[in-house]
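Working notes, structure below.
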Ligand code: HEM
């Protein structure tokens, strides 16, 4: 891939063939920088890690394109993460940095300044919503039937 891609979503689509390597690169880097996070994802096999990464990437890319369209989904995700107690501003920053590095690594010269700007805008739109979402008011026991009743993560 030599030409800079015009839009982030086109670039991500072009990289779909390299997704397994990209996902392994991302989690390798993330767990290398913050080994304590490995336990949080400990029960996930490669297929599950791939699915979680793809879900996060998709919603981040869409947050850059049409923030209003994914706001409700992001708020749900943010609540789920908060319930598991995994979100801090530092972790979010690290997560975004590792994602950008891995995408850039596999994009090569297709990652240009314009894509860098689009990535920054998309990730900060998603991250701001994560940080701005208040904790759910109801106690976990009152949330049976929603995602919020899930068991907290190990670690
Ligand atoms: C804007 C940033 C982020 C987005 C959009 C995002 C999105 C997602 C998505 C879509 C999933 C999969 C949910 C499912 O199972 O269907 C997921 C899972 C997960 N995320 Fe995030 N995430 C973000 C940041 C983070 C950060 C900073 C951490 C902690 C360092 C984190 C930790 C986790 C963990 C531990 C899981 C797995 C939960 C499980 O195994 O069920 N995420 N995330």
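Here are the numbers for this structure:
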| read-out | value |
| --- | --- |
| Some residue of the stretch 116-125 being exposed (fewer than 12 other Cβ atoms within 10 Å of the Cβ) and either outside any loop (DSSP other than H, G, I, E, B) or at pLDDT below 95 (or both) | no |
| Residue that is surrounded by the most Cβ atoms within 10 Å (Cβ to Cβ) [pool: residues in the stretch 142-153 that are touching a helix residue (DSSP H, G or I) at 6+ places or on another chain (Cβ under 8 Å) and either farther than 20 Å from residue 90 by Cα or at pLDDT 90 or above (or both)] | 148 |
| One residue from 56, 107 being surrounded by 15 or more Cβ atoms within 10 Å (Cβ to Cβ) and farther than 24 Å from residue 135 by Cα | 107 |
| Residue under evaluation residue 116, criteria (1) within 8 Å of the ligand (Cβ to nearest atom); (2) farther than 18 Å from residue 132 by Cβ, criterion not met | (1) |
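The values are calculated or read from the model by the stated rules, or taken from the named source; none is laboratory data. As the structure is a prediction and not an experimental result, all values here were calculated from the model. Because the Cβ atoms are built from the backbone with ideal geometry, glycine has one as well, and the counts that use them run over all protein chains shown.
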